[in-house]
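Each remark here refers to the structure printed beneath this line.
The values are calculated or read from the model by the stated rules, or taken from the named source; none is laboratory data. Here the structure is a predicted model, which is why all the values come from computation and not from measurement. Reconstructed Cβ throughout: ideal geometry from the backbone, glycine too, with neighbour counts over all protein chains shown. Side chains included, ligands, DNA and RNA excluded: accessible areas come from the protein's heavy atoms. Shrake-Rupley method; radii C 1.70, N 1.55, O 1.52, S 1.80 Å.
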Amino acid sequence: MGLGVLGVSPAGARDPLGVFNAWGAFRDKAPHRCYAIAQPDPTRSKGDWRPFASVANWPERGVRNQIHIRLRKNRKPDTPVTLSIGPRKFELVGGTADAWAPNPRADAAIVRAMRSGEWMIINARGERGGGFVDSYKLRGLATAIDAATVACVRR
(Lines give C-alpha, C1' and ligand atoms only; values in the text may rest on other atoms or scores of the structure.)
Protein backbone atom coordinates (compact mmCIF):
# COMPACT_ATOMS: atom_id res chain seq x y z
CA MET A 1 0.00 0.00 0.00
CA GLY A 2 1.63 3.23 -1.09
CA LEU A 3 0.81 6.65 0.25
CA GLY A 4 -0.74 7.56 -3.10
CA VAL A 5 -3.19 4.72 -2.66
CA LEU A 6 -4.43 6.37 0.51
CA GLY A 7 -5.32 9.59 -1.26
CA VAL A 8 -2.83 11.87 0.46
CA SER A 9 -3.79 15.53 0.14
CA PRO A 10 -1.54 18.35 -1.08
CA ALA A 11 1.58 19.14 0.94
CA GLY A 12 0.91 20.59 4.36
CA ALA A 13 -2.64 19.28 4.70
CA ARG A 14 -1.74 15.81 5.94
CA ASP A 15 1.38 14.58 7.70
CA PRO A 16 2.29 10.95 6.94
CA LEU A 17 3.44 9.17 10.08
CA GLY A 18 4.35 5.86 8.50
CA VAL A 19 3.15 2.84 6.58
CA PHE A 20 2.94 -0.39 8.55
CA ASN A 21 2.17 -3.35 6.29
CA ALA A 22 -1.39 -2.76 5.04
CA TRP A 23 -2.04 0.28 7.27
CA GLY A 24 -0.89 3.89 7.08
CA ALA A 25 -0.90 6.46 9.88
CA PHE A 26 -1.54 10.18 9.32
CA ARG A 27 -2.06 13.43 11.19
CA ASP A 28 -4.26 16.23 9.86
CA LYS A 29 -3.72 19.76 11.14
CA ALA A 30 -7.19 21.17 10.51
CA PRO A 31 -9.29 19.69 11.85
CA HIS A 32 -6.76 18.21 14.24
CA ARG A 33 -7.04 14.43 14.05
CA CYS A 34 -4.76 11.42 13.77
CA TYR A 35 -5.71 8.10 12.26
CA ALA A 36 -4.75 4.70 10.94
CA ILE A 37 -6.24 3.85 7.54
CA ALA A 38 -6.24 1.01 5.02
CA GLN A 39 -7.92 -0.09 1.83
CA PRO A 40 -9.45 -3.55 1.53
CA ASP A 41 -7.77 -6.35 -0.32
CA PRO A 42 -8.40 -6.03 -4.04
CA THR A 43 -11.65 -7.48 -5.28
CA ARG A 44 -13.19 -8.07 -8.67
CA SER A 45 -16.35 -6.33 -7.49
CA LYS A 46 -16.73 -2.78 -8.76
CA GLY A 47 -17.99 -0.15 -6.40
CA ASP A 48 -19.44 3.32 -6.31
CA TRP A 49 -16.76 4.52 -3.89
CA ARG A 50 -13.15 3.95 -2.94
CA PRO A 51 -13.56 1.88 0.24
CA PHE A 52 -11.41 2.23 3.35
CA ALA A 53 -11.36 1.49 7.06
CA SER A 54 -9.97 3.93 9.59
CA VAL A 55 -9.43 4.27 13.32
CA ALA A 56 -9.26 7.94 14.33
CA ASN A 57 -8.53 10.18 17.29
CA TRP A 58 -10.10 13.66 17.45
CA PRO A 59 -8.52 15.21 20.60
CA GLU A 60 -10.58 18.42 20.65
CA ARG A 61 -13.77 16.35 20.47
CA GLY A 62 -12.65 13.86 23.11
CA VAL A 63 -12.93 11.02 20.58
CA ARG A 64 -10.47 8.14 20.74
CA ASN A 65 -10.15 5.13 18.43
CA GLN A 66 -13.34 5.79 16.45
CA ILE A 67 -14.03 3.24 13.70
CA HIS A 68 -15.12 4.53 10.28
CA ILE A 69 -15.80 2.28 7.31
CA ARG A 70 -16.33 3.69 3.81
CA LEU A 71 -18.30 1.05 1.95
CA ARG A 72 -17.53 0.20 -1.67
CA LYS A 73 -21.17 0.69 -2.68
CA ASN A 74 -24.18 2.60 -1.46
CA ARG A 75 -25.93 0.52 1.17
CA LYS A 76 -29.54 -0.52 0.88
CA PRO A 77 -31.44 1.49 3.54
CA ASP A 78 -32.39 -0.33 6.72
CA THR A 79 -30.06 -3.27 6.08
CA PRO A 80 -27.25 -4.27 8.45
CA VAL A 81 -23.54 -3.67 8.06
CA THR A 82 -21.59 -6.38 9.87
CA LEU A 83 -17.92 -6.31 10.80
CA SER A 84 -16.38 -9.73 11.55
CA ILE A 85 -13.00 -10.46 13.10
CA GLY A 86 -12.47 -14.17 13.54
CA PRO A 87 -15.53 -15.50 15.40
CA ARG A 88 -16.53 -12.03 16.69
CA LYS A 89 -19.27 -10.12 14.89
CA PHE A 90 -20.17 -6.47 15.39
CA GLU A 91 -23.23 -4.69 14.05
CA LEU A 92 -22.37 -1.22 12.71
CA VAL A 93 -24.64 1.75 12.17
CA GLY A 94 -24.62 3.06 8.66
CA GLY A 95 -25.32 5.96 6.43
CA THR A 96 -25.61 5.59 2.68
CA ALA A 97 -21.95 4.77 2.06
CA ASP A 98 -20.38 4.81 5.54
CA ALA A 99 -20.61 2.79 8.74
CA TRP A 100 -19.49 3.33 12.33
CA ALA A 101 -19.62 1.58 15.66
CA PRO A 102 -22.84 2.51 17.48
CA ASN A 103 -21.03 3.98 20.51
CA PRO A 104 -17.57 4.45 22.10
CA ARG A 105 -17.85 1.16 24.02
CA ALA A 106 -18.34 -0.72 20.72
CA ASP A 107 -15.42 1.22 19.18
CA ALA A 108 -13.19 0.00 22.03
CA ALA A 109 -14.34 -3.62 21.67
CA ILE A 110 -13.79 -3.54 17.90
CA VAL A 111 -10.31 -2.03 18.24
CA ARG A 112 -9.36 -4.69 20.82
CA ALA A 113 -10.50 -7.42 18.42
CA MET A 114 -8.72 -5.75 15.49
CA ARG A 115 -5.43 -5.59 17.40
CA SER A 116 -5.42 -9.35 17.93
CA GLY A 117 -7.04 -10.42 14.63
CA GLU A 118 -5.59 -11.33 11.26
CA TRP A 119 -8.50 -10.26 9.00
CA MET A 120 -11.50 -7.99 9.23
CA ILE A 121 -14.51 -8.63 6.98
CA ILE A 122 -17.25 -6.09 6.23
CA ASN A 123 -20.57 -7.45 4.92
CA ALA A 124 -23.35 -5.23 3.58
CA ARG A 125 -26.18 -5.23 1.05
CA GLY A 126 -26.00 -2.80 -1.84
CA GLU A 127 -28.87 -0.51 -2.74
CA ARG A 128 -29.51 -2.66 -5.84
CA GLY A 129 -30.03 -5.70 -3.61
CA GLY A 130 -26.83 -7.73 -3.96
CA GLY A 131 -24.54 -8.35 -1.02
CA PHE A 132 -20.89 -7.32 -1.01
CA VAL A 133 -17.85 -7.99 1.14
CA ASP A 134 -14.62 -6.11 1.82
CA SER A 135 -11.69 -7.86 3.52
CA TYR A 136 -8.92 -6.04 5.37
CA LYS A 137 -5.60 -7.48 6.51
CA LEU A 138 -4.97 -6.37 10.08
CA ARG A 139 -1.22 -6.85 10.12
CA GLY A 140 0.37 -3.49 10.96
CA LEU A 141 -2.85 -2.03 12.35
CA ALA A 142 -1.72 -1.95 15.99
CA THR A 143 1.47 -0.08 15.10
CA ALA A 144 -0.43 2.36 12.88
CA ILE A 145 -2.97 3.07 15.66
CA ASP A 146 -0.15 3.57 18.16
CA ALA A 147 1.68 5.95 15.80
CA ALA A 148 -1.51 7.97 15.28
CA THR A 149 -2.25 8.09 19.01
CA VAL A 150 1.25 9.30 19.88
CA ALA A 151 1.12 11.92 17.11
CA CYS A 152 -2.10 13.42 18.51
CA VAL A 153 -0.66 13.56 22.03
CA ARG A 154 2.56 15.21 20.83
CA ARG A 155 0.80 17.88 18.81
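Inside the stretch 95-106, residues that are of a type in the set (A, V, I, L, M, F, W, C) and open to solvent by 60 Å² or more (accessible area, probe 1.4 Å) make up a count of 1. Please go through the stretch 107-128 and give me each residue that is of a type in the set (A, V, I, L, M, F, W, C), open to solvent by less than 30 Å² (accessible area, probe 1.4 Å) and touching a residue at least 24 places away in the same chain (Cβ under 8 Å), ordered by number. Listed by number, the residues that qualify are 110, 111, 113, 114, 120, 122, 124.
Going by the structure shown, is residue 70 open to solvent by 20 Å² or more (accessible area, probe 1.4 Å) and either in contact with a Phe, Trp or Tyr (Cβ under 8 Å, 6 or more places away or on another chain) or in contact (Cβ under 8 Å) with a residue 24 or more places away in the chain (or both)? It is true that residue 70 is open to solvent by 20 Å² or more (accessible area, probe 1.4 Å) and either in contact with a Phe, Trp or Tyr (Cβ under 8 Å, 6 or more places away or on another chain) or in contact (Cβ under 8 Å) with a residue 24 or more places away in the chain (or both).
In the set 122, 110, 145, only one residue is touching an Asp or Glu at 6+ places or on another chain (Cβ under 6 Å) and either at positive phi or not small (Gly, Ala, Ser) (or both); that residue is 122. All of (1) open to solvent by less than 90 Å² (accessible area, probe 1.4 Å); (2) within 30 Å of residue 15 (Cβ to Cβ) hold for residue 131 with one exception: (2). For the stretch 2-59, how many residues meet the condition of being at pLDDT 75 or above and on the phi > 0 side of the Ramachandran plot? Of the residues in that region, 2 qualify. With the structure loaded, tell me whether residue 154 is at pLDDT 95 or above and open to solvent by 30 Å² or more (accessible area, probe 1.4 Å) or whether it fails that test. No.
Scanning for something open to solvent by less than 10 Å² (accessible area, probe 1.4 Å), more than 29 Å from residue 127 (Cβ to Cβ), out of contact with any helix residue (DSSP H, G or I) (no Cβ under 9 Å at 6 or more places or on another chain) and part of a strand (DSSP E or B), does the stretch 15-27 turn up at least one residue? No, that holds for no residue. Condition (residue is within 12 Å of the chain's Cα centre (by Cα) and among the hydroxyl-bearing types (Ser, Thr, Tyr)) applied to the stretch 130-141: is it met by at least one residue? Yes, there is a match, as at least one residue in the stretch 130-141 is within 12 Å of the chain's Cα centre (by Cα) and among the hydroxyl-bearing types (Ser, Thr, Tyr).
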